[in-house]
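Following: one structure in structure tokens, then a few remarks.
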Amino acid sequence: MRKISLFIILISMSCFSQNKQLLYNFTSVPQSMLTNPGSDVNYNWFVGIPLLSGFSANVSSSSFSVYDLFANNGVDFNTKLRNVVFSTSRNDKVTLNEQLEVFSGGFKLGDWQESSYFSFGMYQEMDVLTYMPKDYAILALDGNKDYLGKVFDMGDLNARGELLSVFHLGYHKKVNENLILGVRGKIYSSIFNVSSTKNSGYFYTIQGTNNVYDQVISANGLVNTSGLTNYLENYSGNAQSDIMKKTLLGGNLGLGLDLGFTYYPKENLQFTASLIDIGFIKHTKEIESYRYKGYYNYVGLTPDFVLGNSNDILDEFNDAIPLDTLHTKYTTWRPLKFNSSIQYSFGDGRSSDCNCSGGNKIKYANSVGAQLFAMTTPRTPLMALTAYYRRQIFESLEMKATYTVDSFSAKNIGLGLSTTIGKVNFYILADNLLEYKDISKARSLGFQMGLNIIFPDKNTFD
Amino acid sequence: MNIFVENVIYQYITIMNKFLRITFLSVFFLSCSSDLDFEQVNDLKLEPIAVANLAAFDIKANQFVVGGVEQSLVGDVMDFDVFSDVDFSKNLSRVDLFFEFNNTINRAYNVNFYLLDDNNSKLYTIPFFVPANSGSPIVISKTEIFENTKLDILIKTKKVAFVITMLPGTPLTDASVGNLKMRSSATIYFLGQ
């Protein structure tokens, strides 16, 4: 019981947001195309250093930090746990997102007069989102004795988790001087998936008349899993080789699409928007689902003194609310992400020895802008608003500073640096910098870095 | 996949993983953290207290009369293997059983609640005396607490039985009114460590 309860409580604590406010529209980094396939990114060709070209991790919790639970401050752990549980609401969430680019690359199509680009790659992604199962936590901590009359909401269990690999191919084209359109197709290969996002039902205990209590449980719960069945029972295979196969399109497959554009109404004014992961995964292999559905009004034992036909409460319960194991195919939708930005640029960034080869980004040294991010979740969408400042410090060093407000933090300051020395591009982006003075108290941390080799675009004839 | 290729890929992944980990960790070492103690998880104690119905009955006075003959002894044995479940019982620390009788029949009763094992052998008896009703309602209640070694009796219980003995008094007929009602509940104290 303890292990299960702890699992429920702990899983409800890890929350990663997928907002990549630093990477978005940071066009000196090719990986910014993954947040907008219509980014104004120019290159002759580039290649990401395998496994090092893009790594990002982000964990957020909307209501508590690691410190709140594990501080070595002499306060009993159970007290801290209670404080955390009772200070959260069922809409508090923990998210975790990790992406690791395995390989990536891109090239320009045609000669110097053309401005259309291909990019491709493969990355592995882990994505977990779980809401605080508050009523379950109360039952585990306190039981129902002191909660007569409270209706426990079975819908508080709402979580999803997935490990998948993504193969993608993107194309963006400068349609005219002012407009860049981009599209990216994706094939998902899901290594494992767990989702339980549409639970409903209730449980209550009130004072009764003929019985001591009126106790009713109505449940409609479903937990879908795929890719895990082999490991739940006696497993004799090679997990490493299994995961490798599933990574290389041997898992449960799905399709996705990214769309985006960049538009310059004026030379120094820029709009961008993108929709990322319009896609689904069909789970057909290694599926096992658990359904718990029914209604039970529990009255206890009812002795029959005349005929002796009394009830068996365990049978009664199992008949009323059976736990079924299903092997039915199911489909999950990828969390859909929306990004948009508006940017105003100013200041002459041309150095005296400028070769004037770049596009808009070299012309102006400074940019200020605002971004809006939204992501679908099983409940209300996640939203984040970012203000940012970008500066070309040297020709080889670009900086972006962000200030973000979202449901995890109201003072998220982030800083990103991208440096291109020779053909080698290195970038490092980190948000919630204020939290680094004591990361144990941080509710949200995001971190991205990567290494690429970029051959810059030439828009003059050699 | 070709074993050689697979090996080369694993080697590369291992090296790159190390590089990533070092970079990642160095960023975190640059930051500060309050003193944390994850071992505290071992102190976790879950002590929920659950309440639930145990049993209930409602016998009308005329149900004690079958074919014009008064039945002075009735009873029923029921399967009850809730507390004997191993996963359930190992987390038990105390169980309170509460009983409440409400008698509106003008006869007195001795009621025994038996805890029985698989072979119907008595493990424990909770006796009740319910006086006859002569105008004002009779309400009798009792709470029996099972903890420490007494809890083992409950854990061994596989069946329970109610046996009702009607004590001598004014004979009941098909036309007699009143009820002998009983309701009971369990308060279960868990201790998960």
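What the table below lists for this structure:
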| item | result |
| --- | --- |
| Extension gain from residue A:271 to residue A:346, taking 0.36 nm per residue of separation minus the Cα-Cα distance | 25.5 nm |
| In nm, spacing of pseudo-spin labels at residue A:278 and residue A:323 (7 Å Cα→C-beta vector) | 4.2 nm |
| Whole-number percent relative contact order across chain A, with pairs defined as alpha carbons under 8 Å at least 6 apart | 17 percent |
| Taking N as its residue count, the alpha carbon Rg of segment A:210-311 over 2.2 N^0.38 Å | 2.12 |
| Cα-based Kirkwood hydrodynamic radius, segment A:160-273, one decimal, Å | 19.2 Å |
| C-alpha center-to-center spacing [segment A:90-156, segment A:225-292] in angstrom | 12 Å |
| Ranked packing of A:185-193, A:326-334, most packed first, by mean Cβ within 10 Å | A:185-193, A:326-334 |
| Student exercise, chain A dipole from Lys, Arg, Asp, Glu Cβ charges, in Debye to nearest 20 | 920 debye |
| Karplus-derived 3J(HN,Hα), 6.51/-1.76/1.60, for each residue of segment A:272-282, Hz, glycine and proline x | 9, 7, 8, 10, 10, 6, 7, x, 9, 10, 9 |
| Extent along principal axes [Cα atoms of segment B:128-193; Å; largest to smallest] | 57, 24, 17 |
| Segment A:114-210: translational diffusion in µm²/s, Stokes-Einstein, Kirkwood Rh over Cα pairs, 20 °C, 1.002 mPa s | 119 µm²/s |
| Modelled FRET efficiency - R0 51 Å, residue B:47 with residue A:366, Cβ distances, 0.05 increments | 0.30 |
| FRET efficiency, 1/(1 + (r/R0)^6) with R0 30 Å, evaluated for residue A:415 and residue A:44 via beta carbons | 0.55 |
| Enclosed volume per residue, in Å³, of the convex hull spanned by Cα atoms of segment B:79-132 | 107 Å³ |
| Shielding score for B:36-44, defined as the mean number of other chain Cβ atoms within 10 Å | 6 |
| Aspartates and glutamates whose Cα lies under 13 Å from that of residue A:411, excluding same-chain neighbours fewer than 8 positions away | A:431, A:435 |
| Translational diffusion coefficient (Stokes-Einstein; Kirkwood radius from C-alpha pairs) of segment A:14-171 at 20 °C, 1.002 mPa s, in µm²/s | 114 µm²/s |
| Translational diffusion of segment A:374-462, µm² s⁻¹ [Kirkwood Rh, Cα pairs; Stokes-Einstein; 4 °C; 1.567 mPa s] | 85 µm²/s |
| Stretch gain in nm, segment residue A:259-residue A:441, where the contour uses 0.36 nm per residue and the Cα spacing is subtracted | 61.8 nm |
| Reference-scaled alpha-carbon Rg (2.2 N^0.38 Å with N residues) for chain A | 1.17 |
| Rg in Å to one decimal, and Dmax rounded to a whole Å, for segment B:58-193 via C-alpha atoms | 17.1, 58 |
| Farthest positive-ward along segment A:35-130 dipole, Cα basis, beta-carbon charges - from A:69, A:105, A:56 | A:69 |
| 12 Å cut-off, amide nitrogen to a point 7 angstrom out along residue B:37 Cα→Cβ, residues in segment A:59-89 | A:70-78 |
| Amide proton proximity set for residue A:283, modelled H, under 5 Å, gap of 5+ | A:330, A:331, A:332 |
| Spatially proximal lysines relative to residue A:245 (Cα-Cα < 30 Å; intrachain offsets below 8 disregarded) | A:20, A:186, A:282, A:285, A:329, A:337, B:18 |
| Label-point separation, residue A:396 to residue B:179 (7 Å along Cα→Cβ), nm | 9.1 nm |
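Any read-out appearing in this document is the output of simple, stated calculations on the displayed coordinates, not a laboratory observation. Note that the structure is predicted; figures quoted are calculated from it, not measured. Neighbour counts are summed over all protein chains in view; Cβ atoms, including those assigned to glycine, are modelled from backbone coordinates with ideal geometry.
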